[in-house]
């Protein structure tokens with residue numbers, strides 16, 4: 001069966017510090033991978049998605065970047081965090097072909113102080 | 001930006017009642033729709049999906065209705081239980097694109 005791992009679960013970082021959130025998927029190959037951000041009481045905003053290694057599409061301009069160094073690994077990064085980067089970050093994957101549901105990780109609660 | 005929205009941000013029901021959560025979408029090209037349930041501090045969990053060639057689909061205690069004419073989607077939960085308390089999101093998808101989510105409806109079930 002497929003599983004998705006996302007870590008850390010919580011993170012408190014000072015303004016200006018770097019960020020690296022990691023997500024890995026097991027049990028499937030060539031998944032589509034996604035990073036979403038959820039502000040408190042809000043819906044999920046799509047940040048990045050990837051259809052393959054090294055292929056990243058950015059949905060909104062921001063202080064973040066994403067990379068996919070391996071087929072089942074998706075990393076969300078920032079060189080210098082802003083207060084507005086605080087939120088709940090969710091990684092998700094879908095099968096490559098067809099319309100299918102997205103499977104989510106358990107999320108990372110990031111607080112920038 | 002978000003192309004999917006929900007009519008009500010909150011819904012309060014009594015245990016045992018039926019709940020109906022509504023969602024309007026704007027992209028007429030969307031052909032796949034999903035309802036997710038998100039409990040506090042966790043990632044969204046799949047509840048039920050429906051494709052645009054259907055107008056109704058039933059699961060265990062849940063039914064999704066799709067009205068393509070008015071671009072409306074609803075989730076019906078039968079005999080709502082306290083464990084159903086969560087935030088519910090609808091999401092739409094057009095083939096080859098990422099899922100787009102609405103803002104969510106918070107369902108509160110009191111016993």
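The values are calculated or read from the model by the stated rules, or taken from the named source; none is laboratory data. Computed from a prediction, not measured in an experiment: that's the story for all the values here. Don't worry about glycine lacking a Cβ; one is built from the backbone with ideal geometry, like all the others, and counts go over all protein chains shown.
Within the range A:8-58, being assigned to a strand (DSSP E or B), in contact (Cβ under 8 Å) with a residue 60 or more places away in the chain and farther than 23 Å from residue A:83 by Cβ holds for A:23, A:25, A:32, A:33, A:34. Across the range B:89-96, a minimum of one residue is classified as within 14 Å of another protein chain (Cβ to nearest Cβ), surrounded by fewer than 21 Cβ atoms within 10 Å (Cβ to Cβ), outside any strand (DSSP E or B) and without any contact (Cβ under 8 Å) to a residue 24 or more places away in the chain. Residues of the range B:41-61 being outside any loop (DSSP other than H, G, I, E, B), in contact (Cβ under 8 Å) with a residue 40 or more places away in the chain and more than 10 Å from the chain's Cα centre (by Cα), which ones? Once the filter is applied, which keeps residues that are outside any loop (DSSP other than H, G, I, E, B), in contact (Cβ under 8 Å) with a residue 40 or more places away in the chain and more than 10 Å from the chain's Cα centre (by Cα), the range B:41-61 yields nothing. Residue B:64 falls short of the stated requirement of being farther than 22 Å from residue B:27 by Cα, part of a strand (DSSP E or B) and either in contact with a helix residue (DSSP H, G or I) (Cβ under 9 Å, 6 or more places away or on another chain) or more than 11 Å from every other protein chain (Cβ to nearest Cβ) (or both). Taking (1) more than 13 Å from chain A (Cβ to nearest Cβ); (2) modelled with pLDDT of 95 or more; (3) within 26 Å of residue A:47 (Cα to Cα) in turn, residue B:72 satisfies each apart from (2). For the range B:104-111, the count of residues that are part of a loop (DSSP other than H, G, I, E, B), surrounded by 12 or more Cβ atoms within 10 Å (Cβ to Cβ) and modelled with pLDDT under 95 is nonzero.
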